[in-house]
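Here the structure comes first, spelled out in structure tokens, and everything after it is commentary.
Values quoted throughout were computed directly from the atomic coordinates according to the rules given, and no laboratory measurement underlies them. On a predicted model such as this, the values are computed, not experimentally measured, just so you know. Ideal geometry is used to build each Cβ from the backbone, glycine not excepted, and the neighbour counts take in all protein chains shown.
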């Protein structure tokens, strides 16, 4: 039986169910892979973590190339339909993808479905769409949803040229909105490292205010259970 995931006793006003939002500094920085690692890592600790991608563009249905499908593979007891909600065909910002189909993304609807998904496990891992401010509506953004649900944020930084600027801007936005920022993960996007990739971690540690969780190496295949467990063990020290 999975053990109960307990929050630090000093965090009295947090909801019983924990919601962790995983956002990227940009699109294509490896959010889905990091979500998979986190879900698998919690499983190794006996904690039932549920992955969820409420909004995805570039797919009109759950296909093997979709993020929602990949997330379902990290949690075999869930179907791809359970790890996804709103899917839009065009690979553009969600607000535009929805408008092109004559649809609207409603804040109350997203909040409701996320609350519903929290009942399936002890911690819900919610993957965003694109960067933190990739627009999902003309009336609200991702951080409005996080605040309404009293969730926490992990920022995934793709290790590439320009990463430092994107990371600092993303962090400042979260802090200014008074959203709980658990920390950040540096994800290596290729095996080969130029000077920027070799020095980004050093500079990010100097300039980022939130906790450094870990660096994820370039992964061609599936990460080991041991590696996933180590990532989550580091992550939960900042809860």
task: Go through 215, 194 for me and flag whichever is within 19 Å of residue 26 (Cβ to Cβ), in contact with a strand residue (DSSP E or B) (Cβ under 6 Å, 6 or more places away or on another chain) and in contact (Cβ under 8 Å) with a residue 24 or more places away in the chain.
output: 215
query: What tally of residues in the stretch 119-144 results from selecting those that are more than 30 Å from residue 194 (Cα to Cα), under 15 Å from the mean Cα position of the chain (by Cα) and touching a residue at least 60 places away in the same chain (Cβ under 8 Å)?
result: 5
